[in-house]
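Heads up, the thing below is written out as structure tokens.
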Amino acid sequence: MRKRPSREVPEAESALFRDAVRDATPIKTAERVLRSGEALPPVPVQSLLDGHDAIAESLDAPTWEQWSETGEEPSYLRAGLGSDVLRKLRRGHWVVQEVIDLHGLNRQQARASLGEFLGSCVRRGLRCVRVVHGKGLRSPGREPVLKGKVQQWLLKRDEVLAFCEAPRNQGGSGALLVLLKAAARR
């Protein structure tokens, strides 16, 4: 067993130290204000920021030309398009040409990724894409975080003509099929 070192300083070393610092002038201590009472509660900065984001998003909500939510299935059809467009989209008339999966992203990351994805798809002339937002099974309260947000973001995009819930084999309530405008001919 190891012997613990003693915390006592031998008298000879103490005398030597006192002799070495005998002519030293003590440093003046700054006057400090001592805080009394309990500590202030922490400020929930992220919660405040999230609240501000939610309010800002709700205030600049689009004027929805046609937005229908029949039962639980979300769908959207831009004004001026025939209802057959939405029916064709649901039935797979357009082949899904590209997919983006937003699982694991926060709202800001998901919004940025979706915008870049849609812009890229339009530039490449793609017409039908699938956006996987998830069902929210691993989210707190098992509520989908991105589902409603993705729908709102798509409504604000000029290139989006229509969207509907994906068929079961393509993600069901955790994904949307999106019909995009045709690329302008040069």
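The values are calculated or read from the model by the stated rules, or taken from the named source; none is laboratory data. Model, not experiment: these values are computed from the prediction. A quick note on method: Cβ atoms are made from the backbone with ideal geometry, for glycine too, and the neighbour counts reach across all protein chains shown. Side chains included, ligands, DNA and RNA excluded: accessible areas come from the protein's heavy atoms. Shrake-Rupley method; radii C 1.70, N 1.55, O 1.52, S 1.80 Å.
Could you say which residue among 114, 179 is under 20 Å from residue 50 (Cα atoms), modelled with pLDDT of 90 or more and hydrophobic (A, V, I, L, M, F, W, C)?
Of the residues listed, the single one that is under 20 Å from residue 50 (Cα atoms), modelled with pLDDT of 90 or more and hydrophobic (A, V, I, L, M, F, W, C) is 114.
Among the residues of the stretch 142-157, is there at least one that is assigned to a helix (DSSP H, G or I), within 20 Å of the chain's Cα centre (by Cα) and on the phi > 0 side of the Ramachandran plot?
Scanning the stretch 142-157 turns up at least one residue that is assigned to a helix (DSSP H, G or I), within 20 Å of the chain's Cα centre (by Cα) and on the phi > 0 side of the Ramachandran plot.
Within the stretch 163-179, how many residues turn out to be of a type in the set (D, E, K, R) and in a helix (DSSP H, G or I)?
Looking only at that region, the number is 1.
Kindly indicate which of 131, 150, 95, 145 is of a type in the set (Val, Ile, Thr) and farther than 23 Å from residue 50 by Cβ.
Of the residues listed, the single one that is of a type in the set (Val, Ile, Thr) and farther than 23 Å from residue 50 by Cβ is 95.
Among the residues of the stretch 82-111, what is the count of those that are open to solvent by 50 Å² or more (accessible area, probe 1.4 Å), outside any loop (DSSP other than H, G, I, E, B) and aliphatic (A, V, I, L, M)? Lay out the reasoning, then the answer.
In the first step, residues of the stretch 82-111 are kept if they are open to solvent by 50 Å² or more (accessible area, probe 1.4 Å); the result is 83-84, 87-88, 90-91, 93-95, 97-99, 101, 103-106, 108-109, 111.
Of the ones still in play, those that are also outside any loop (DSSP other than H, G, I, E, B) are 83-84, 87-88, 90, 98-99, 101, 108-109, 111.
Those left that are additionally aliphatic (A, V, I, L, M): 99.
Looking only at that region, the number is 1.
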